[in-house]
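Notes follow the structure.
The values are calculated or read from the model by the stated rules, or taken from the named source; none is laboratory data. The shown structure was predicted, so the numbers you read here are calculated from the model rather than taken from an experiment. All Cβ positions, even for glycine, are placed from backbone atoms using ideal geometry, and neighbour counts span all protein chains on display. In case anyone asks, the SASA skips ligands and DNA or RNA and just uses the protein heavy atoms, side chains included. Shrake-Rupley method; radii C 1.70, N 1.55, O 1.52, S 1.80 Å.
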Amino acid sequence: MGHAGDKRAVGVKGVLHRADGWQQRHRPTAFPVAVVKKFGDDRGGSLAALFAYYAFLSIFPLLLLLVTVLAFFVDRNPTLQRQILDSALRDFPIVGDEISSNIHSLQATGLGLLIGLLLLVWGSLGLAQQGQFTMAQVWSIPEDERPGYVARLGRSLGLLAILAGGVAASTMLTAIAPSRGTAGAIASIAGSFVVNLAMFALAFRVLTPGSVPFRHLRPGAVIAGTGWTVLQTLGGLLIANQLRHSSQVYGLFGVVLGLVSFLALAGTILVYAAEVNVVRARHLWPRSIAQTPLVPADRAVFTDLAKEQERVPEQRVDVSYDDR
């Protein structure tokens, strides 16, 4: 029995190695495998979960900030207020209606309003900080080469400006696009796609350390913009057919669960898009599925992961491999 088990193990191992060799020799399989491997090496699932967590905590301060600013600057144009708010909530098709009916502007004036706005800005920066951390992780930027606190704060404020610009652009497109029929739906999706591409291109540049050239960020921005547009569209279809009825059963829990699930999926798309940039820019494929023997791309990734732990300029991490 022991010899039979050993033979089966050897046979399975041989099949795995042959399959591994085949995928390494063909780019249509080698590149996606390398992206998935890099996602696992960077603990991409945890990065996506953290993105969902901070996005969940940041959404309500951001929306409250938006409603308060609208009430202050366009208080005499309720129609414009509603158009801008609807454009922002369209990014969250699963729970947009519920949020819209429960979000109200700050009622303070003068100094109280200023303090409230500053607190809202501060509370909404978690998403931007997590985005910067995610980009630094996937690019394996050593700790001592990452932007300092002041630079990260500036980048975070830059991301808020990008988000505001995206909402403004969406509102303008909604105003000029046909409002009914198939033509209106197509125009709305196409407009959202263009805005999303521009928004993610700018966001990737702001969130990624400056040592990474912008040309290496474009493919991931296209993937993220496309994925976000698809997610918006399918999310709207989902709530139209299912979640409107289930929310009556599950109440507030259903709303929260829907939002967290939506954000977790969005975070996963974002991290995978960033991983595509890294694998493509650093030519980190093909990767080995069987792990042994390590191929050059495996060693490059593991070396980067080790050197990422350099905390201060005086520290150096040297990596060697035992080829026996």
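Give me the pairs, please: first residue somewhere in the range 34-62 and β-branched (Val, Ile, Thr), second residue anywhere and open to solvent by less than 50 Å² (accessible area, probe 1.4 Å) and in a helix (DSSP H, G or I), beta-carbon distance under 6 Å, and either six or more positions apart or on two chains.
Pairs found: VAL35/GLU275; VAL35/VAL276; VAL35/VAL279.
Please verify whether the range 96-110 includes one or more residues that are under 20 Å from the mean Cα position of the chain (by Cα), at pLDDT 70 or above and crowded, with 18+ Cβ neighbours inside 10 Å.
no
Among the numbered criteria (1) part of a helix (DSSP H, G or I); (2) under 27 Å from LEU50 (Cα atoms); (3) open to solvent by 30 Å² or more (accessible area, probe 1.4 Å); (4) modelled with pLDDT under 90, which one does THR226 miss?
All conditions are met except number (4).
Only residues in the range 18-31 that are under 10 Å from ARG287 (Cβ atoms) count as the first member; pair them with residues that are open to solvent by less than 20 Å² (accessible area, probe 1.4 Å) and polar (S, T, N, Q), Cβ under 9 angstrom, at least 6 apart or cross-chain, and list the lot.
Listed by first residue and then by second, the contacts come to ASP20/SER288; GLN24/SER288; ALA30/GLN23.
What is the number of the single condition among (1) open to solvent by less than 50 Å² (accessible area, probe 1.4 Å); (2) part of a helix (DSSP H, G or I); (3) closer than 16 Å to GLY40 by Cβ; (4) modelled with pLDDT under 95 that ALA290 does not meet?
ALA290 satisfies all of (1) open to solvent by less than 50 Å² (accessible area, probe 1.4 Å); (2) part of a helix (DSSP H, G or I); (3) closer than 16 Å to GLY40 by Cβ; (4) modelled with pLDDT under 95 except (2).
Listed residues VAL150, VAL195; which is surrounded by 20 or more Cβ atoms within 10 Å (Cβ to Cβ), on the phi < 0 side of the Ramachandran plot and either modelled with pLDDT of 90 or more or in contact with an Asp or Glu (Cβ under 6 Å, 6 or more places away or on another chain) (or both)?
Of VAL150, VAL195, the one residue that is surrounded by 20 or more Cβ atoms within 10 Å (Cβ to Cβ), on the phi < 0 side of the Ramachandran plot and either modelled with pLDDT of 90 or more or in contact with an Asp or Glu (Cβ under 6 Å, 6 or more places away or on another chain) (or both) is VAL195.
Please tell me if ASP298 is farther than 23 Å from SER46 by Cβ and not hydroxyl-bearing (Ser, Thr, Tyr).
Spelling it out, it is not the case that ASP298 is farther than 23 Å from SER46 by Cβ and not hydroxyl-bearing (Ser, Thr, Tyr).
Each row is one residue, and each column tells you yes or no for (1) within 30 Å of GLY14 (Cβ to Cβ); (2) open to solvent by 40 Å² or more (accessible area, probe 1.4 Å).
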| residue | (1), (2) |
| --- | --- |
| ARG282 | no, yes |
| VAL295 | yes, no |
| LYS307 | no, yes |
| ARG316 | no, yes |
| ASP323 | yes, yes |
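Listed residues ALA203, ALA221; which is aliphatic (A, V, I, L, M), at pLDDT 90 or above, out of contact with any Gly (no Cβ under 8 Å at 6 or more places or on another chain) and surrounded by 20 or more Cβ atoms within 10 Å (Cβ to Cβ)?
Exactly one of ALA203, ALA221 is aliphatic (A, V, I, L, M), at pLDDT 90 or above, out of contact with any Gly (no Cβ under 8 Å at 6 or more places or on another chain) and surrounded by 20 or more Cβ atoms within 10 Å (Cβ to Cβ), namely ALA221.
Can you tell me how many residues within the range 290-320 are among the basic types (Lys, Arg), within 30 Å of the chain's Cα centre (by Cα) and farther than 23 Å from THR134 by Cβ?
Looking only at that region, the number is 1.
Just to check your reading of the model, which residue among LEU118, LEU113, LEU89, LEU163 is touching a Phe, Trp or Tyr at 6+ places or on another chain (Cβ under 8 Å) and at pLDDT below 90?
When all the criteria are applied, what remains is LEU113.
Could you grab me the full set of residues in the range 41-54 that are assigned to a helix (DSSP H, G or I) and open to solvent by less than 50 Å² (accessible area, probe 1.4 Å)?
Those that are assigned to a helix (DSSP H, G or I) and open to solvent by less than 50 Å² (accessible area, probe 1.4 Å): ASP41, GLY44, GLY45, LEU47, ALA48, PHE51, ALA52.
Could you tell me whether VAL271 is in contact (Cβ under 8 Å) with a residue 12 or more places away in the chain and part of a helix (DSSP H, G or I)?
Answer is yes for this residue.
Which of (1) aliphatic (A, V, I, L, M); (2) within 19 Å of the chain's Cα centre (by Cα); (3) at pLDDT 90 or above is the odd one out, the single condition LEU231 does not satisfy?
Going through (1) aliphatic (A, V, I, L, M); (2) within 19 Å of the chain's Cα centre (by Cα); (3) at pLDDT 90 or above one by one, LEU231 breaks only (3).
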